[in-house]
Amino acid sequence: MAASMKTFWTGAAAAAARVGAETLLVTQKISTIGALSCNPSLGGVGKGHLVKEIDALDGLCGRAGDWAGIHFSILNRKKGPAVWGPRAQLDRQYYREKIQSELLSTPRLTVREGSVEELLVAEPDPDVPGRHRITGIRLAHEAQPITASSVILTTGTFLSGALFVGQTTSPGGRIGDAPSSAGLSYTLKERLGLRVGRLRTGTPPRIVKDSIDFSQAKLHPPDAHPTPFSFLNKHVRCKPEEQLPCHLTYTTPGVERVVRESLHLNCHIRTNVLSPRYCPSIESRVIRFQGRTHRVWLEPEGLDSDLMYPQGLSMTMPPDVQLRLIREIPALHRAEIRTPGYGVQYDFVCPTQLSPALHVKSTQGLFLAGQINGTTGYEEAAAQGLWAGVNAARWALSLPPVALSRTESYIGVLIDDLVSRGVTEPYRMFTSRAEFRTSLRPDNADLRLSLKGFKEFGCVSCVRYHEAMRVRDALQDALAALGDISLSTYKWRQKLPDTKISENKNTVCSGLDILQYNDMSFENLASIFPECLSPYTEFSQRLKIEAVYKPHCDLQKREIERIQEEENTSLPPDMDYLSLPVSLSQEVREILDRVRPSTLGSALRLQGMTPAAVVVTLLTYAPHRGQKEGGRRNKLGPKDQGEEEVVRNAPLTQ
């Protein structure tokens with residue numbers, strides 16, 4: 001049995017049950033399952049890629065997003081499809097109802113209210129690496145323990161959580177909910193000896209919709225034709241004309257003045273606890289970027305909700321000061337606050353102590369997912385929850401763990417970054433973190449993951465598997481048909497007079513070559529060759545994207561194969577790096593001993609490691625000796641135009 005303590009991330013429990021394990025979900029309140037703690041939105045640049053991959057592996061959030069979405073848009077539309085960011089603003093109530101409906105009807109899954117007091121720790125199995133073994137959990141106020149073969153902790157911001165408003169502090173992980181039990185933190189730090197750090201985040205005040213002057217904000221309508229998250233859906237629930245708009249406004253010098261005048265009243269912002277760089281509070285922005293204006297998105301919380309979410313105005317000052325601040329913004333000069341903003345501080349476990357299966361290396365049967373691993377955001381947590389659920393179920397069923405390479409998915413990039421590099425601030429996914437973003441596109445997540453999820457991971461249903469097979473076969477047939485169409489450029493110019501085909505070339509081009517032109521669509525070609533192309537118009541956009549990126553993906557195949565070879569070269573989990581009889585610096589030895597990389601590839605990506613040290617010494621001790629040595633570091637792919645590049649070689653958290 002796999003037990004899971006859940007807050008927002010229901011994916012772990014659902015994935016474990018889909019794999020075949022009898023699963024118990026323990027949550028403080030069943031009524032809060034699926035509750036969106038902060039911004040009621042899903043997806044975005046990088047994050048949308050994760051949602052598409054979660055859906056391809058039969059996770060819940062994509063389908064729930066299609067049901068609850070009230071404002072759909074594709075971010076980065078002016079850039080290439082590889083960095084498009086599917087995003088939706090959600091109706092809080094619809095999302096919660098959909099998640100609960102899906103979860104409570106999942107076979108092999110039982111849901112129970114309670115608070116986990118402690119983990120049951122026993123002597124380890126001598127045949128398995130690890131110093132401890134988890135045998136179950138104990139709930140607060142209950143004498144009878146719950147036994148389990150594996151346990152997933154997904155504590156969110158609730159692990160020793162504390163709420164901050166002004167100079168007031170209270171225990172909690174979300175307003176209205178208590179933090180996790182102190183006994184759980186004690187078990188992790190004292191009994192299991194895990195390195196634990198402290199992070200902080202926050203949320204903005206909720207503003208009464210009727211008190212906003214929208215005439216002083218810029219209207220941002222949704223896409224006229226909503227794009228579903230789920231590969232199983234052709235349409236979203238919300239009709240296009242019923243979608244709600246968002247609005248954009250900006251801070252003013254008055255906002256900065258109020259922040260600076262009230263810093264002495266704000267104990268949350270004055271602590272040394274690490275805060276998110278990419279979703280900072282307005283106080284942090286003012287301190288770091290003096291004299292600048294900052295965007296504020298006014299986003300609806302539901303179709304029938306009377307509240308708006310001011311994204312970009314996370315704050316923790318006293319409530320009366322919050323009201324003064326927001327009224328310095330012209331569109332909010334008469335605004336009323338329903339619920340003030342607040343800050344949260346919480347414990348996290350340094351993720352370099354985890355394997356790529358999100359299994360705690362030192363503790364048999366314990367898996368971690370979500371903000372407990374130092375990440376921020378629903379999407380990052382949902383991706384980890386799904387993957388921890390798959391592997392916890394496989395552990396319970398005595399099956400070997402599975403891993404996703406960073407060459408085949410953004411989930412693989414996310415997990416590899418966490419377990420190989422650690423975090424120095426809450427981790428957020430960007431497309432710039434992936435070396436092979438032209439291959440890891442949101443449009444092809446089903447082809448990359450659904451078939452593998454069914455055959456190798458066991459987490460994908462037969463319905464999704466057969467649909468993915470149908471799509472794969474149709475795309476292959478369509479690409480073959482395009483390749484079979486072969487004409488000289490002269491004849492192509494005759495058939496396509498409006499397409500700018502170079503007159504200096506007199507070569508033979510296939511239909512696939514012609515589809516790569518910017519002003520050419522699959523529909524245009526199908527109108528000329530209806531007998532062989534019209535059966536595939538359902539996949540017009542996907543075929544266009546496949547054609548555009550085919551040259552880039554072909555060039556990347558060799559590099560991907562090299563990295564996959566490195567990932568297949570596993571390193572012994574019990575290797576004594578501190579006393580290896582080879583020439584290694586003490587710094588390198590300590591890094592390897594602390595992180596204990598599971599593969600040669602993850603060792604290569606460690607901060608402070610030199611390729612020479614890995615190739616000359618570690619390959620000698622790798623169990624799969626004789627494989628081609630890959631001694632150079634992975635090359636980053638081209639930067640996404642217009643997206644902030646992330647420094648990937650951050651120091652490991654101590």
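The values are calculated or read from the model by the stated rules, or taken from the named source; none is laboratory data. Predicted model, so just to flag it, every value in this text is computed and none were measured. Cβ: placed from backbone, ideal geometry, glycine included. Neighbour counts: every protein chain shown. These accessible areas exclude ligands, DNA and RNA; they are computed on the full protein's heavy atoms, side chains included. Shrake-Rupley method; radii C 1.70, N 1.55, O 1.52, S 1.80 Å.
When only Cα pairs below 8 angstrom with a gap of at least 6 residues are kept, the chain shows a relative contact order of 16 percent.
Taking a Cβ cut-off of under 9 Å around F436, the surrounding Lys, Arg, Asp and Glu residues balance to a net charge of -1, with basic ones at +1 and acidic ones at -1.
Size estimate for the range 291-412 follows the Kirkwood approach: the inverse of mean 1/r over distinct Cα pairs works out to 18.0 Å. Based on Cα atoms of the range 192-308, Rg over Rh with Rh as the Kirkwood radius reads 1.07. Evaluated with a Cβ-only charge set (Lys, Arg +1; Asp, Glu -1), the chain carries a dipole of roughly 1000 debye about its Cα centre, given to the nearest 20.
Need the full-extension length gain, Q541 to M575, defined as separation in residues times 0.36 nm minus the C-alpha distance. One decimal, nm. Gain on stretching Q541 to M575: 7.3 nm. With both residues required to sit in the chain, DSSP beta bridges show an antiparallel share near 70%. The label point for S488 and the one for L265, both projected 7 Å from the Cα toward the Cβ, are 8.1 nm apart. For the pair E425 and T252, the difference between a 0.36 nm per residue extended length and the Cα-Cα distance amounts to 59.5 nm.
A helix-only calculation puts the chain at -9000 deg cm²/dmol for mean residue ellipticity at 222 nm, using -39500 (n - 2.57) for each DSSP H run of at least four residues, averaged over all residues. Can you give the relative contact order of the range 349-423 as a percent, counting alpha carbon pairs under 8 Å and 6+ residues apart? This gives 37 percent for the range 349-423.
Loop-resident GluC sites (Glu not before Pro) (DSSP state other than H, G, I, E or B) in the range 186-275 with no more than 14 further Cβ atoms inside 10 Å of their Cβ are absent. Note on S398 and L219: the extension gain reaches 59.0 nm, defined as 0.36 nm multiplied by sequence separation minus the Cα-Cα distance. Modelled label positions at H235 and R470, each set 7 Å beyond Cα in the direction of Cβ, lie 1.7 nm from each other.
With 20 Å bins beginning at zero, the pair-distance distribution over Cα atoms of the chain amounts to 18, 50, 29, 4, 0 %.
Got a number for carbon plus sulfur as a percent of the range 1-128's accessible area, 1.4 Å probe? C and S fraction of accessible area: 51 percent.
Helix check for the chain. Which DSSP H runs span at least 27 Å along their own axis by Cα, with a mean Kyte-Doolittle hydropathy no less than -1.0? Those that clear 27 Å and a mean of -1.0 are 462-484. Quick one: check the C-alpha center-to-center distance for the range 101-145 versus the range 534-570, whole angstrom. About 41 Å separates the Cα centre of the range 101-145 from the one of the range 534-570. Solvent-accessible area of the range 133-285 (1.4 angstrom probe, protein heavy atoms only): carbon and sulfur portion equals 54 percent. What you get for the range 220-322, charging only the Cβ of Lys and Arg (+1) and of Asp and Glu (-1), is a dipole of about 580 debye around the Cα centre.
What stretch of the chain, leaving out the sites themselves, is the longest with no chymotrypsin sites (Phe, Trp or Tyr not before Pro) in a DSSP loop having at most 16 other Cβ atoms within 10 Å? The reported range is 290-654.
The fraction of accessible area contributed by carbon and sulfur in the range 355-483 is 60 percent, rounded to a whole number (1.4 Å probe; ligands and nucleic acids excluded). For the residue pairs K361/K455; K47/K452; K78/K98; K52/K98, alpha carbon separations beyond 23 Å are given by K361/K455; K78/K98. Work through the residues other than F457 whose Cβ is under 13 Å from its Cβ and net out their charges, Lys, Arg +1 and Asp, Glu -1. Summing Lys and Arg as +1 and Asp and Glu as -1 gives +2.
Projecting the Cα atoms of G511, G365, P124 onto the charge dipole of the chain (Cβ charges, centred on the Cα centre) puts G511 farthest toward the positive pole. Entry note: the range 60-199 has Rg to Rh equal to 1.06, where both radii use alpha-carbon atoms and Rh is the Kirkwood radius. Simple rule: put +1 on each Lys or Arg Cβ and -1 on each Asp or Glu Cβ in the range 176-275, find the dipole, and look at T251, P205, N266; the Cα lying farthest toward the positive end is N266.
The residues of the range 483-607 expose on average 54 square angstrom of accessible surface per residue, using a 1.4 Å probe on protein heavy atoms.
When the charge dipole of the range 120-229 is built from unit charges on Cβ atoms (+1 for Lys and Arg, -1 for Asp and Glu) and taken about the Cα centre, the candidate among Q144, Q216, G176 whose Cα reaches farthest toward its positive end is Q216.
Mind listing which trypsin sites (Lys or Arg not before Pro) in the range 323-410 are in a DSSP loop and have 16 or fewer other Cβ atoms within 10 Å? Those satisfying the criteria are R334. Using a basic spin-label model with each label point 7 Å from the Cα along Cα→Cβ, how many nm lie between R558 and D320? With each label placed 7 Å out from Cα toward Cβ, I get 7.0 nm.
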